[in-house]
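Comments concern the structure below.
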Amino acid sequence: MHVRSYLVSGLLIVAGCSQATLRSRPMDPHLVTAYEQLLSLFPEDTQGYGRERVFNTIEEQPMTYGLILSAESARVARTASPEAARRVHKAARWLIENQDSDHDGQPGWGLPQAWDAFQDGTTNPENQPYTITTALVMYGLLDSLQTNVWSSDEREEIRGLLVRVAMRWCDFWSAGYGGGFFWYSPSRDDAIFAVNSPSMFMGAIARLVREHPSAMTAEQRRLVQSRADDQARAAVATVKLSDGLPYWAYMALPNFRNSDRPNDLIHHVYTLWGLEVYRGSGGAVKLPWTRKQAARSLDRFWKDGRICAYPEPPAPSQADAAESTSATTRTSNSPAVLWSAGMLLAGYVQWGDDAGVMRSLEAIRRDYGSWPNLRLFPPERSDDTTFYPRYAAHVLIALAWQTFGPPG
């Protein structure tokens with residue numbers, strides 16, 4: 001294994017370890033410093049609070065809390081840091097105490113703002129739970145359970161909450177696409193197969209069944225596992241393999257817009273993240289690509305050394321060589337937003353691509369800095385230098401995995 005170095009804000013960072021050895025290798029002190037610099041922009045007592053880009057508000061965001069909970073669970077598991085232990089407790093308690101922000105008597109996490117998710121005239125109210133936000137919170141809580149920070153009563157409280165969430169979402173479900181899918185949100189107006197969010201949720205419940213089987217009854221385990229397997233079947237049925245590399249449309253066809261727009265970068269990684277967690281959790285459905293191919297699929301989101309929002313299309317076949325106006329062709333040059341760059345880094349870390357890790361970190365430092373005050377877009381796309389915590393938290397979790405290894 002070759003060890004290489006690169007710079008983040010003048011700090012020499014060394015990488016060269018596969019995902020399998022991340023937990024056991026010596027921690028790079030420069031990488032620890034870079035992580036702590038970024039973490040410092042998320043105040044300990046208000047870790048999920050900050051300015052929002054789309055809504056132009058300052059809010060507490062459950063998604064940010066979930067991502068930080070995962071990141072700090074990795075740190076406390078590796079270092080036993082008292083600060084990390086406090087942050088894990090505070091982030092998890094905030095999520096537990098705000099599990100029903102829409103006051104419908106059921107757990108779930110979403111956006112504090114009203115939002116028309118598909119721009120179809122059906123606006124969800126404030127604090128509507130969403131499948132992707134709830135999945136990311138579940139990953140955070142699951143990661144925290146792999147640490148030693150909880151009492152036995154607290155562990156049972158978290159396990160019970162995770163089971164209630166899993167069972168609730170089993171009702172937000174439609175058969176189809178060769179299997180079935182979780183809705184985008186509990187609203188029937190959002191009963192749409194936007195592949196990334198149900199794939200992420202599938203990974204979370206697959207982990208729950210594998211890591212905490214005793215928290216569920218046999219009947220609950222069967223239902224949850226069957227939902228995960230059917231969701232995996234739908235993802236496999238709708239994948240577009242290009243030279244063996246997996247890609248998806250944002251909404252599987254058929255859909256109400258008859259759209260085959262490809263996943264942008266963040267949603268591509270979300271989709272694969274959930275599916276690879278499902279694979280690692282012993283899922284029964286065979287995925288027709290390898291983890292190495294998952295990592296290789298990320299390479300098409302680069303052009304001229306820059307991270308792009310959409311994948312560069314493969315060379316056209318003779319049959320479709322005349323087609324030059326596809327959504328991918330039109331948008332593949334657009335710079336990626338910060339959280340996409342963070343998920344690119346996270347994908348390379350998860351699937352053991354050291355060269356991709358180094359390349360991504362250097363691009364984030366160069367195009368989204370200065371470190372740690374990350375900006376939303378490279379300066380040629382936008383002059384906005386505002387720090388948006390929910391976007392930057394996607395970089396934080398990826399950097400935590402590379403620095404400390406995943407928890408557990």
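So the values come out like this:
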| read-out | value |
| --- | --- |
| Which of Phe172, Phe256, Phe55, Phe387 has the fewest Cβ neighbours within 10 Å, and the rest in rising order | Phe256, Phe55, Phe387, Phe172 |
| Footprinting exposure proxy for Ser185, Ser199, Ser174 (fewest neighbouring C-beta atoms within 10 Å first) | Ser174, Ser185, Ser199 |
| Residue among Glu97, Glu83, Glu362 with the largest mean-square fluctuation in a Gaussian network model of the chain, springs linking Cα atoms under 10 Å | Glu97 |
| Reachable lysines from Lys292, criterion Cα separation under 19 angstrom, eight or more residues apart if same chain | Lys240 |
| Extension gain, Asn258 back to Ala237 (0.36 nm per residue minus Cα-Cα distance, nm) | 5.8 nm |
| Fully extended contour minus Cα-Cα distance, from Ala355 to Ala175, at 0.36 nm per residue | 60.8 nm |
| Theoretical FRET efficiency, 1/(1+(r/R0)^6), r = Cβ-Cβ of Asn373 and Glu219, R0 60 Å, to 0.05 | 0.75 |
| Cβ charges +1 (Lys, Arg) and -1 (Asp, Glu), total dipole of segment 4-404, debye | 1160 debye |
| Hull shadow area, averaged, segment 4-404 [alpha-carbon convex hull, nm²] | 18.9 nm² |
| Fewest-first ranking of Asp243, Asp102, using other Cβ atoms within 10 Å as the exposure measure | Asp243, Asp102 |
| Cα gyration tensor, segment 156-312 - rounded (a/c under 1.5), prolate or oblate | prolate |
| Computed lengthening from Asp100 to Glu60, 0.36 nm per intervening residue step minus Cα-Cα distance | 13.0 nm |
| At most 14 other Cβ within 10 Å, DSSP loop - GluC sites (Glu not before Pro), segment 124-209 | Glu126 |
| The chain: most fluctuating residue of His212, His103, His89 per GNM, C-alpha cutoff 10 Å | His103 |
| Between segment 94-154 and segment 370-403, the Cα center-to-center distance that results, in Å | 23 Å |
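We did not get these values from a lab; they are worked out from the coordinates using the rules stated. None of these values were measured; they are calculated from a predicted model. Ideal geometry is used to build each Cβ from the backbone, glycine not excepted, and the neighbour counts take in all protein chains shown.
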